[in-house]
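This report concerns only the one structure given below.
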Amino acid sequence: MLLQEMIYPAGTRVLLWRLEEEAPQLLALCRQEGIPVDDLLALPVKRQCEKAAERLLLCRAFGRPVAMGHTEQGAPFVVDSEVNISITHTPRLVAVACCDGHVIGIDAEQVDRQQVLRVRDKFLNDSEKQFIASDDLAAHIIAWTAKEAIIKATRNSAIDWTDGITIQPFDAGLRPLDFHATCGSRRYRLFSCLLDGHYVTVAVPL
């Protein structure tokens, strides 16, 4: 079901879908909106659900069914549109971010994803470890989603997760959270919220 729509600065919209329907129901919802789905039928059921939810969210965002493609780097785009999009999904959530003026990025992770604590050294640099305690799961997930969102916004998956991106100090207890990071010579403003058991983070270039 359509969970929420949020508006951020710089004309960025975020739409979220809670994945609680079975694949046949999601496909039927697409057909009701005139969204083609025959190409999804050969996919695994999980991917059918994700892709159908993506198309429903994009239809809601654009006010009509749209065709989507991917760049050579794998970034999604809407055919015949200048609007930039970014997409993320977890087992229970699909989110789409749209922006007219900037190439943006979005990422979401479940609040109980303990794995990020074990890979702390793979994505946090020394300055970030100064304010992110080793046992602070929320701060780790927020930092992870922030870096993933920035990488999506740069359209460059080769960026080093540790030294290539530096997040400025933030307070993981604030809701919603508004903070900054740098990637090379570019600065990003990041917005992170806690929603339906997920941290959802959007990166907007400054």
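The values are calculated or read from the model by the stated rules, or taken from the named source; none is laboratory data. Just so you know, these numbers come straight off a predicted model, no measurement behind them. All Cβ positions, glycine included, derive from the backbone under ideal geometry; neighbour counts span all protein chains shown. Each accessible area value is taken on the protein alone, full model and side chains, heavy atoms only, with ligands, DNA and RNA left out. Shrake-Rupley method; radii C 1.70, N 1.55, O 1.52, S 1.80 Å.
For the peptides 77-83, 176-182, residues were scored by their other Cβ atoms within 10 Å and the scores averaged per peptide; the highest-first order is 176-182, 77-83. For the stretch 108-206, carbon and sulfur atoms together expose 47% of the accessible surface, with a 1.4 angstrom probe and every protein chain in place. Using only side-chain charges placed at the Cβ, +1 for Lys and Arg and -1 for Asp and Glu, the dipole size of the stretch 135-177 relative to its Cα centre rounds to 280 debye. Scaling the Cα radius of gyration of the chain by the globular reference 2.2 N^0.38 Å produces a ratio of 1.02. Checking the cross-link pairs 51/152; 129/152; 46/122; 46/152 against a 26 Å limit on the alpha carbon distance flags 46/122 as lying beyond it. Taken over the alpha carbons of the stretch 50-119 as equal point scatterers, the Debye sum produces base-10 log I(q)/I(0) values at 0.15, 0.25 Å⁻¹ of -0.54, -1.18.
Taking the charge dipole of the stretch 34-144 about its Cα centre, with +1 at Lys and Arg Cβ atoms and -1 at Asp and Glu Cβ atoms, the residue from 106, 88, 75 reaching farthest to the positive side is 88. Consider all pairwise Cα distances in the stretch 92-176 and report the whole-number % of them above 17 Å. Cα-Cα pairs in the stretch 92-176 separated by more than 17 Å: 50 percent. Label-to-label distance, residue 20 versus residue 4, with points set 7 angstrom from Cα along the beta-carbon direction: 1.5 nm. Can you give the local net charge around residue 59? Use residues other than it whose beta-carbon is closer than 14 angstrom to its beta-carbon, Lys and Arg +1, Asp and Glu -1. Once positives and negatives cancel, what remains is +3.
Grouping the Cα pair distances of the stretch 1-77 into 5 Å bins from zero gives a pair-distance distribution of 3, 15, 24, 24, 20, 9, 4, 1 percent in increasing distance order. Using just its DSSP H runs of length 4 or more, each adding -39500 (n - 2.57), the chain gives a mean residue ellipticity at 222 nm of -8000 deg cm²/dmol after division by all residues.
Size descriptors for the stretch 159-201 (Cα atoms only): Rg and Dmax, in that order, 11.6, 34 Å.
Average projection, convex hull of the Cα set of the stretch 131-188: 4.0 square nanometres. Projected over every direction and averaged, the convex hull enclosing the alpha-carbon atoms of the stretch 79-121 yields 4.5 nm². Here the Karplus curve 6.51 cos²θ - 1.76 cosθ + 1.60, taken at θ = phi - 60°, turns the phi angles of the stretch 194-206 into couplings of 9, 9, 6, x, 9, 8, 10, 10, 10, 10, 10, x, 9 Hz, with x standing for Gly and Pro.
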